[in-house]
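Step one of this worksheet: look at the structure below.
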Amino acid sequence: MSAENTKKPVIAITRFKAKPEDSEEVQDRHATLASTVRSAVPGLEEARLGRTEDGTWVGVWRWDSQESLRKAQELAHSLPEAEKAFALASDVTGDTLELLQES
């Protein structure tokens with residue numbers, strides 16, 4: 001990836017399942033993880049969490065660059081908050097989108 005591309009904002013989308021009875025705990029752990037990551041790695045601009053009608057949770061994190069996201073992903077493997085957050089998740093998938101246009 002060129003240096004120019006690393007400066008473009010990116011969106012990291014994570015989808016997962018969790019037990020309905022863990023709903024409040026999922027939200028608490030997401031907030032804690034976002035706060036921890038934001039303190040450790042500059043560049044996290046937004047961290048949102050939602051749930052679709054079929055019960056799939058969706059985390060949408062906006063980063064200022066691919067480089068910031070990469071640093072956070074490297075760090076996440078050593079964060080107890082990440083381990084704790086994902087302990088409630090199953091069927092986890094993720095995508096990263098280069099943000100090309102905002103209207």
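Any read-out appearing in this document is the output of simple, stated calculations on the displayed coordinates, not a laboratory observation. Remember, predicted model here, so these are calculated numbers, not experimental data. Cβ atoms come from the backbone with ideal geometry, glycine included; neighbour counts cover every protein chain shown.
Looking at the stretch 39-46, is at least one residue small (Gly, Ala, Ser), touching a Lys or Arg at 6+ places or on another chain (Cβ under 8 Å), surrounded by 13 or more Cβ atoms within 10 Å (Cβ to Cβ) and in a loop (DSSP other than H, G, I, E, B)?
Checking the stretch 39-46: at least one residue is small (Gly, Ala, Ser), touching a Lys or Arg at 6+ places or on another chain (Cβ under 8 Å), surrounded by 13 or more Cβ atoms within 10 Å (Cβ to Cβ) and in a loop (DSSP other than H, G, I, E, B).
One line per residue, one yes/no per condition, for (1) surrounded by 15 or more Cβ atoms within 10 Å (Cβ to Cβ); (2) in contact with a Ser or Thr (Cβ under 8 Å, 6 or more places away or on another chain); (3) of a type outside the set (A, V, I, L, M):
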{"site": "LYS19", "(1), (2), (3)": "no, no, yes"}
{"site": "ASP54", "(1), (2), (3)": "no, no, yes"}
{"site": "GLN73", "(1), (2), (3)": "yes, no, yes"}
{"site": "ALA76", "(1), (2), (3)": "yes, no, no"}
{"site": "ALA85", "(1), (2), (3)": "yes, yes, no"}
{"site": "GLN101", "(1), (2), (3)": "no, no, yes"}
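Can you tell me which condition LEU100 does not meet? The list is (1) of a type in the set (A, V, I, L, M); (2) closer than 20 Å to VAL10 by Cβ; (3) within 14 Å of the chain's Cα centre (by Cα), and all the others hold.
(3)
Identify, from the list ALA34, ALA85, ALA72, ALA12, the residue that is in contact with a strand residue (DSSP E or B) (Cβ under 6 Å, 6 or more places away or on another chain) and not in a strand (DSSP E or B).
ALA34 is the lone residue from the list that is in contact with a strand residue (DSSP E or B) (Cβ under 6 Å, 6 or more places away or on another chain) and not in a strand (DSSP E or B).
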